[in-house]
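Following: one structure in structure tokens, then a few remarks.
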Amino acid sequence: MEFAGSLRAQENSSSAELPDAPDVASQQNGQGSPGPTGASSNPAAADLPGQGKQTKRILYIVPNFRAVSADQKLPPQTVKDKFTTATLDSVDYSSFLFVAIQAGIAEARNGTPEFRQGAAGYGRYYWHTYADYLDENLWVEFIIPAPLHQDSRYYTLSRGGFAKRLAYSFSRVAITRNDSGHNTFNASEIFGAGAAAGISSLYYPSPERTFTKTYQLWLTNITIDGGTFIFKEFWPNINGKFFHQKG
């Protein structure tokens with residue numbers, strides 16, 4: 001989950017057409033291990049506005065390392081790839097900035113009264129927020145995908161009408177690809193977000209350690225990830241129309 005962070009403090013106050021699957025044969029033809037976004041299999045088309053070309057960052061700030069451009073063919077993710085993307089999402093310079101903003105908002109709302117106010121209180125909000133953020137990234141992008149051989153990347157559809165693409169992108173919280181390129185239940189997202197929410201209860205004050213609060217955090221994190229997938233799906237169109245950002 002990218003930049004979702006922890007919303008625990010704030011809580012206190014059909015099947016669509018898929019892009020081409022990763023082509024295992026491409027490894028046999030000499031393609032190297034992919035970077036987070038890589039090069040498109042059809043560069044000329046991808047350079048046109050609205051053709052599904054993802055950028056490594058959104059507005060040069062927000063990491064977009066796991067978004068795959070439409071019709072881009074990539075080899076399966078290795079365990080190292082999954083660990084790398086989870087780490088990049090967690091320690092990117094922008095991560096600390098967004099966590100700082102979230103912690104400030106949570107303190108202003110007095111979201112977790114046990115943390116109190118002032119510099120010491122802000123410090124508590126900050127490290128709890130970052131711990132939640134790191135925890136979910138690792139579970140959703142690496143710890144569960146690695147043994148289950150699931151692909152943690154988002155594959156842009158970029159075809160069909162708005163409703164079709166909207167349904168496709170949000171459905172990725174429940175449907176993902178395995179390392180063979182076939183659709184499968186997204187256990188990495190569902191169980192990973194749940195595991196992260198459960199672990200968070202271990203380091204929050206006891207009044208926060210209720211089943212209801214843990215369930216709400218789990219559901220909120222999944223919803224935010226679904227919203228993130230929607231934004232990733234339409235980002236190439238937004239970029240092509242308004243920003244013309246390259247790479």
Principal axis lengths of region 98-215 from Cα atoms, whole Å, largest first?
-> 50, 33, 23
Under a plain spin-label model, where a point goes 7 Å from the Cα along Cα-to-Cβ, how far apart in nm are ALA167 and TYR93?
-> 4.3 nm
How large is ³J(HN,Hα) for each residue in region 82-94, as worked out from phi by the Karplus curve 6.51 cos²θ - 1.76 cosθ + 1.60 (θ = phi - 60°), to whole Hz, x for Gly and Pro?
-> 5, 5, 5, 5, 5, 5, 4, 5, 8, 10, 4, 4, 5
Which value in nm describes the separation of the simple spin-label points at THR212 and LYS56, placed 7 Å from the Cα toward the beta carbon?
-> 4.7 nm
Percent of Cα pairs exceeding the 14 Å cut-off, where the set is region 168-247 = 70 percent
Tail fraction, Cα-Cα pairs, region 120-159, threshold 11 Å, whole percent | 69 percent
In nm, give the distance between the simple-model label positions of PHE242 and LYS80, each being 7 Å from the Cα along the Cα-to-Cβ direction.
-> 3.9 nm
Charge sum, other residues only, whose C-beta stays under 13 Å from THR84's C-beta, Lys/Arg counted +1 and Asp/Glu -1 = 0
With every protein chain left in place, what is the accessible area per residue of region 116-161 in square angstrom, probe 1.4 Å?
-> 41 Å²
For the cross-link pairs LYS164/LYS241; LYS164/LYS232; LYS53/LYS80; LYS56/LYS82; LYS73/LYS241; LYS80/LYS232, which exceed 18 Å when the distance is taken from alpha carbon to alpha carbon?
-> LYS164/LYS241; LYS53/LYS80; LYS73/LYS241; LYS80/LYS232
Carbon and sulfur %, accessible surface of region 190-247 computed with the full protein complex present, 1.4 Å = 71 percent
For region 200-246: rounded, prolate or oblate by the Cα gyration tensor [a/c cutoff 1.5] = prolate
Rounded to a whole %, the carbon-and-sulfur portion of the accessible area of region 49-149 at a 1.4 Å probe is 70 percent
Which trypsin sites (Lys or Arg not before Pro) from region 169-247 combine a DSSP loop assignment with at most 11 other Cβ atoms within 10 Å?
-> LYS246
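The values are calculated or read from the model by the stated rules, or taken from the named source; none is laboratory data. Keep in mind it's a predicted model, so treat the numbers as computed, not measured. Counting neighbours? That spans all protein chains shown, and the Cβs are built from the backbone with ideal geometry, glycine included. Accessible surface areas use protein heavy atoms only, side chains included; no ligands, DNA or RNA. Shrake-Rupley method; radii C 1.70, N 1.55, O 1.52, S 1.80 Å.
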